[in-house]
Each structure stands twice: as C-alpha cells, then as structure tokens.
Amino acid sequence: MIVVIEGCDGCGKETQSQLLVKALQAQNIPAIEFSFPMYQSPTGKIFKECVLGKNNKSWFKEGYDQLDPEIVCLYTAADRKYHSKLIADYLKKGYVVVLNRYTSSNMAHQGSKYQDADDRFYMYQWIDKLEYWLLKLPKPDCTILLNLPYRYTDHLKEKQVSFHLDASLEKDQVLEAYLELAALYNWQVIDCVEANQVKSIDQIHEEIMKIVLEKIKETA
C-alpha cells in the first residue's frame, strides 16, 4: 500500500515519514520511504535546477513563483512518472511505500494560487486527471495531512532545503488548500497543535501509526 504524508514545509513530513518506516519495520512490516521531488534523479535535477533554480535563479524569466501552475505540474508529474516503476516494484513485493509529498502536494501548492473556488477545483481535477488517468500513477491508499499552521513551523527543526523552495507560497493559503482537499478526498487529518502548543514528534508519530496500522488491517 501507499501512504502519503502531506503538509506545509516545516511541519515535519520528512521526520514523520522516516519514523513511520522504522516503526513498521520494527513490527516486521516491509516499508520504504521516498520524498518527492527526488532531487538526485535526472527528473528531480531538472526541476531543482531549471524550474526552482539554484540561488533563486530559475531558468524561467518570470521566476518560479510567477510560473504558470500547469507548467510547474508537468515538471513534477514527470518526476513521479519517472519513478513510478520503482514504486510499483516495491508494491509488488508487499512493501508499505511511504511518500513524503505526492500528487496531493501539487494540488495544494498550485491550487492555492487561485482565489476563486471554482478555479481551484478545476486545478485539483486537472492534476488528478494528468497524474492518475493520463500518466497512470499509482493512487495512494492513505493520505495523512499534518495540519500545522505556518506560524508554528519554526517550532519544528526539520532540515530545510538550502535553496529557494516555495518561500513565498508556504503560507496559510497553502494549508487552506490542503484542508479543502482533505475534505474533498477524505484524507486523514492530524491536528499538530493542541491548546496553542505544537504536539511532540512522538505524539504525532503515534497518531500516524494508529491510522496506518488500521489501514493495513483493512486491506489485509
């Protein structure tokens, strides 16, 4: 099965994805983690160097933040398509494949650029059709959204990418798009703040494990 961990930058996706894999392996459940985009691969390097641009110098004269959302989606979708066979091979072997970001990330980040609800919904559907229908990417069995408002992200010490990565987009409008998508696609949502305090890494991990283990039982 495929488990996707989603949320805004700084919410702890990478940390929680890795903890989940270790915990599953400790229970003798084969699991592996990947992060999209896969920056060390050919398609990932194209996105990193040409679209995002090292030192904030995208190859596109308008810059990453002003680039047509559909063009951004085509580059990131190409990276997922390039790695789809790798994921499929692990699924055939019975692995739980944990993904830090997936198609859902594109939906939230690019969809958040549209103020009109109908335009956002069109973007969500366009990406869904592109990746799952036209490119035939494997659909997630479980998507978990870490609901951490942007103003709380400094509390977590997840290692950040050293070059420009959605710096002007990682604001609450992206989280609003994530929450809108969670309602549309019936994702699991973990509230990472309780009584105005960010939950501990272990608390969030326990909630994720509970969701995933229940999903494994359902699909067994």
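The values are calculated or read from the model by the stated rules, or taken from the named source; none is laboratory data. The model shown is predicted, which means the values in this text are computed figures rather than measured ones. Every residue, glycine among them, receives a Cβ derived from its backbone with ideal geometry; neighbour counts consider all protein chains shown.
Only one of (1) loosely packed, with under 15 Cβ neighbours inside 10 Å; (2) at pLDDT 90 or above is not met by Tyr82, so which one is it?
(1)
Considering only residues of region 1-15 that are buried (at least 23 other Cβ atoms within 10 Å of the Cβ) and of a type outside the set (Asp, Glu), which is nearest to Leu52 (Cα to Cα)?
Top of the filtered list is Cys8.
Filter region 16-28 down to the residues that are farther than 16 Å from Tyr102 by Cα and either in contact with a helix residue (DSSP H, G or I) (Cβ under 7 Å, 6 or more places away or on another chain) or buried (at least 18 other Cβ atoms within 10 Å of the Cβ) (or both) and list them by number.
Of everything in region 16-28, those that are farther than 16 Å from Tyr102 by Cα and either in contact with a helix residue (DSSP H, G or I) (Cβ under 7 Å, 6 or more places away or on another chain) or buried (at least 18 other Cβ atoms within 10 Å of the Cβ) (or both) turn out to be Leu19, Leu20, Val21, Ala23, Leu24.
Return only the number of the condition from (1) over 14 Å from the mean Cα position of the chain (by Cα); (2) closer than 18 Å to Val4 by Cβ; (3) at pLDDT 95 or above; (4) not hydrophobic (A, V, I, L, M, F, W, C) that Tyr122 does not satisfy.
Of the numbered conditions (1) over 14 Å from the mean Cα position of the chain (by Cα); (2) closer than 18 Å to Val4 by Cβ; (3) at pLDDT 95 or above; (4) not hydrophobic (A, V, I, L, M, F, W, C), the odd one out for Tyr122 is (2).
From the list Tyr82, Tyr90, Tyr64, exactly one residue is of a type in the set (Ser, Thr, Tyr), touching a Leu at 6+ places or on another chain (Cβ under 7 Å) and farther than 19 Å from Glu6 by Cα. Which is it?
Tyr64
Looking only at region 154-198, count every residue that is more than 23 Å from Asn106 (Cβ to Cβ), in contact with a Cys (Cβ under 9 Å, 6 or more places away or on another chain) and modelled with pLDDT of 95 or more and tell me the total.
0
Is it the case, given these coordinates, that Glu49 is under 19 Å from the mean Cα position of the chain (by Cα) and more than 23 Å from Ile208 (Cα to Cα)?
no
Scan Lys48, Lys22 and give me the residue that is at pLDDT below 95 and of a type in the set (D, E, K, R).
After ruling out the rest, the residue left standing is Lys48.
Taking region 186-210, which residues are surrounded by 14 or more Cβ atoms within 10 Å (Cβ to Cβ), outside any loop (DSSP other than H, G, I, E, B) and in contact with a strand residue (DSSP E or B) (Cβ under 7 Å, 6 or more places away or on another chain)?
Gln188, Val189, Ile190, Ile204, Glu207, Ile208
Taking the condition exposed (fewer than 15 other Cβ atoms within 10 Å of the Cβ), at pLDDT 90 or above and of a type outside the set (S, T, N, Q), does Asp141 pass?
no
Pairs needed: first member in region 98-126, surrounded by fewer than 19 Cβ atoms within 10 Å (Cβ to Cβ); second member anywhere, among the charged types (D, E, K, R); C-beta distance under 6 Å; at least 6 residues apart or different chains.
Listed by first residue and then by second, the contacts come to Tyr114/Arg120.
Glu33 versus (1) crowded, with 18+ Cβ neighbours inside 10 Å; (2) closer than 21 Å to Val174 by Cβ; (3) not hydrophobic (A, V, I, L, M, F, W, C): which is the lone unmet condition?
Glu33 satisfies every listed condition except (2).
For region 127-141, which residues satisfy the criterion of being touching a residue at least 40 places away in the same chain (Cβ under 8 Å) and assigned to a helix (DSSP H, G or I)?
Within region 127-141, Ile127, Leu130, Glu131 qualify.
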